[in-house]
Amino acid sequence: MLLTATVLNSTVQDADLAAKVGIYSNGVGFWPAPFFFGQSDMHYWLMKSEPDEASIDDLAGAPAQTLPWTGVRNYQARNFMRDQMKVGDGVLFYHSSCAVPGIAGIARVASTPYPDPTQFDSASPYYDPKAREEEPRWMLVDVSFVRKTALVTLPMLRGEPRLAEMRVLAKGNRLSITPVTADEWRVITKDLAAG
């Protein structure tokens with residue numbers, strides 16, 4: 001990954017330089033931090049994946065433990081990836097549409113957004129005949145493995161009073177990507193997923 005930062009009106013494109021400036025912790029682990037990230041820039045997300053398509057184990061076993069988050073076909077979820085996600089943001093990796101849905105691990109956003117190639121592939125179930133390479137409709141980010149957790153099930157989330165306002169628990173919510181507050185992140189990663 002090539003890190004870019006602006007320093008005194010000059011652009012630095014040097015992954016080694018960016019990696020030497022410090023270590024960043026968001027409660028899920030430590031990794032080199034580019035100096036243009038501050039704690040206030042950190043965002044958190046819950047991202048749903050059907051484990052028969054991509055599970056937390058698939059992510060852990062992928063090359064560089066990183067996978068592209070393909071197949072999002074909801075405009076609001078796409079807009080979260082396109083407009084708000086930043087490299088280093090925390091991700092609650094949620095297994096959905098399975099026997100026991102729930103948060104199965106922690107990941108992080110590992111790339112800036114770029115066009116989802118499945119929209120152009122007529123053999124893909126995510127093909128979009130209206131998408132054009134010069135004007136892509138669907139974007140994605142890469143997601144990198146941080147760690148597996150004890151499974152945090154939907155009933156566990158619903159049973160935690162501190163998560164009562166969590167967006168994924170809202171009645172009628174069907175989004176595959178939802179924002180998570182810093183307080184919700186702490187409750188889940190420090191208390192519920194620690195088991």
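The values are calculated or read from the model by the stated rules, or taken from the named source; none is laboratory data. On a predicted model such as this, the values are computed, not experimentally measured, just so you know. Virtual Cβ from ideal backbone geometry, glycine too; neighbours counted across all protein chains shown. Remember, those area values only see protein heavy atoms, side chains included, never the ligands or the DNA or RNA. Shrake-Rupley method; radii C 1.70, N 1.55, O 1.52, S 1.80 Å.
Listed by first and then second residue, the pairs with beta-carbon distance under 6 Å, at least 6 apart or on different chains, first residue in the range 132-152 and modelled with pLDDT under 95, second in a strand (DSSP E or B) and not aromatic (Phe, Trp, Tyr), form an empty list. Looking at the range 121-141, which of its residues are in a loop (DSSP other than H, G, I, E, B) and within 20 Å of the chain's Cα centre (by Cα)? Answer for the range 121-141, where residues must be in a loop (DSSP other than H, G, I, E, B) and within 20 Å of the chain's Cα centre (by Cα): 126, 137, 138, 141. If you go through the range 121-145 and keep only what is crowded, with 22+ Cβ neighbours inside 10 Å and among the aliphatic types (A, V, I, L, M), you end up with 140, 141, 143. One residue alone among 91, 187 is of a type in the set (Val, Ile, Thr) and under 18 Å from residue 65 (Cβ atoms), and that residue is 91.
Screening residue 9 on (1) modelled with pLDDT under 95; (2) in contact with a Gly (Cβ under 9 Å, 6 or more places away or on another chain); (3) of a type outside the set (Gly, Ala, Ser) shows it passes everything except condition (2).
Any idea which residue in the range 72-111 is surrounded by the most Cβ atoms within 10 Å (Cβ to Cβ), counting only those that are part of a loop (DSSP other than H, G, I, E, B) and of a type in the set (D, E, K, R)? Per the criteria, the residue is 89. Would you tally the residues in the range 50-65 being open to solvent by 40 Å² or more (accessible area, probe 1.4 Å) and within 12 Å of residue 105 (Cα to Cα)? Qualifying residue count, the range 50-65: 2. Listed conditions (1) at pLDDT 95 or above; (2) closer than 22 Å to residue 82 by Cβ; (3) open to solvent by less than 70 Å² (accessible area, probe 1.4 Å) are all met by residue 184, apart from (2). Scanning the range 181-195 for residues that are over 16 Å from residue 94 (Cα atoms) and of a type in the set (Gly, Ala, Ser) gives 182, 195.
Out of curiosity, is residue 118 open to solvent by less than 30 Å² (accessible area, probe 1.4 Å) and in a strand (DSSP E or B)? Answer is no for this residue. A Cβ distance below 6 Å, combined with a sequence gap of six or more or placement on separate chains, defines the contacts here; from the range 104-118, residues that are farther than 15 Å from residue 90 by Cβ reach residues that are open to solvent by 10 Å² or more (accessible area, probe 1.4 Å) and hydroxyl-bearing (Ser, Thr, Tyr) in the pairs 116/70; 118/70; 118/124; 118/126. Selection over the range 146-156 of residues that are crowded, with 21+ Cβ neighbours inside 10 Å and closer than 21 Å to residue 100 by Cα gives a count of 2.
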